[in-house]
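Structure, as structure tokens:
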Amino acid sequence: MAQVNDKLIGAAMLGIGTFVFTYYSIWTLVMPFVDEDHAVRKLFPPQWFAIAIPVFLLAVGVTGIFGFLSFVMLKSGKKAAKKST
Amino acid sequence: MARAQRLGTLLATIGGIWLLGLIGMLPLPETVQTHIWPVLPLLFVVSLGSYAFINIGYNLVAFRECPEAYHELMQEIQEAKDDLRAKNVDIS
């Protein structure tokens, strides 16, 4: 059924979004105040990753978007050049 | 256009305040100044992305299907197909 599939995807997106938001917020806003030997430190990697992972994903994402844009533009430019000849 | 200008002004103001805090002109606690303040733009982008995700997911889940309207629509489609087939229009 298309509805159940949609609802599953929706619930999954909801869960992922909430998890990412809360985890990242705690990671960046709360962890700097937590002592080194607290138990909660085991759940979160070092602060460096809190910056590295989003920056890396952003770089990959922006590269992908611009690459896709340039690919589409080149293709349409080639098509226009072919048509005019 | 006015909405984009308002958004641009708001972003510029917040960005200005953040830059002030970055160069040390705001009275911030030690840990906040060194660890939290520089990461705020990243937190903003991540929050924006997760907000969009949550929005889409929630609307997918909370979309109210109307079974009666669905059946009625299917019936109308069937009637239209039969009608057109009777008039010799090729419908699979």
- prompt: To the nearest 10 degrees, how steep is helix B:2-22 against the longest Cα principal axis of chain B, on a 0 to 90 scale?
  reply: 30 degrees
- line: On protein heavy atoms with a 1.4 Å probe, the accessible surface that disappears when B meets A, both sides summed and given to 100 Å², is 2000 Å²
- prompt: What residues in region B:50-70 lose 40 Å² or more of accessible surface when the other protein chains are added to their chain alone (1.4 Å probe)?
  reply: B:S50, B:F53, B:I54, B:L60, B:V61, B:E65
Inter-chain shielding of A:51-61 (mean C-beta neighbours from other protein chains, 10 Å cut-off): 2
field: Volume per residue of the C-alpha convex hull in region A:1-45, rounded to whole Å³
entry: 65 Å³
- line: Rounded to two decimals, the Rg over Rh value of region B:21-92 from Cα coordinates and the Kirkwood Rh reads 1.58
statement: In degrees, nearest 10, the alpha-carbon axis of helix A:2-25 is tilted away from the dominant principal axis of the alpha carbons of chain A by 60 degrees
- line: Mean projected area (nm²) from the convex hull of Cα positions in the protein assembly as shown is 20.6 nm²
- prompt: How large is ³J(HN,Hα), in whole Hz, for each residue of region A:40-52 in order, when computed from phi with the Karplus curve 6.51 cos²θ - 1.76 cosθ + 1.60 and θ = phi - 60°, using x for Gly and Pro?
  reply: 5, 4, 5, 7, 10, x, x, 4, 3, 6, 4, 9, 5
- request: Report in % the part of the accessible area of chain B that belongs to carbon and sulfur, leaving out ligands and nucleic acids; probe 1.4 Å.
  value: 67 percent
query: In deg cm²/dmol and to the nearest 500, what is the mean residue ellipticity at 222 nm of chain A if only DSSP H runs of at least 4 residues count, each as -39500 (n - 2.57), divided by the residue total?
result: -26500 deg cm²/dmol
Heavy-atom surface of region B:1-49, accessible at 1.4 Å and reported per residue (Å²): 73 Å²
query: With labels modelled as points extended 7 Å from the Cα through the Cβ direction, what inter-label distance (nm, one decimal) is found for B:C66 paired with B:K81?
result: 2.3 nm
- line: With Rh as the Kirkwood radius over Cα pairs, chain A has Rg/Rh of 1.26
task: Mind putting a number on the dipole of chain A about its Cα centre? Charges go on the C-beta only, +1 for Lys and Arg and -1 for Asp and Glu, and I need it in Debye to the nearest 20.
output: 960 debye
message: Using the basic label-point model (7 angstrom from Cα toward the beta carbon), what is the B:V32 to A:F44 distance in nanometres?
response: 1.6 nm
- request: Just the number, please: carbon plus sulfur as a percent of the accessible area of chain A, 1.4 Å probe, no ligands or DNA/RNA counted.
  value: 77 percent
- prompt: Which chymotrypsin sites (Phe, Trp or Tyr not before Pro) in region B:10-92 pass both tests, a DSSP loop state and at most 13 other beta-carbon atoms within 10 Å?
  reply: B:F63
- request: Rounded to the nearest 10 degrees, what's the angle between the helix B:67-86 long axis and the longest principal axis of chain B, both from Cα atoms, 0 to 90?
  value: 50 degrees
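The values are calculated or read from the model by the stated rules, or taken from the named source; none is laboratory data. For clarity, every value in this text was computed on a predicted model and none was experimentally measured. All Cβ positions, even for glycine, are placed from backbone atoms using ideal geometry, and neighbour counts span all protein chains on display. The accessibility values were calculated without ligands, DNA or RNA, using every heavy atom of the protein model including side chains. Shrake-Rupley method; radii C 1.70, N 1.55, O 1.52, S 1.80 Å.
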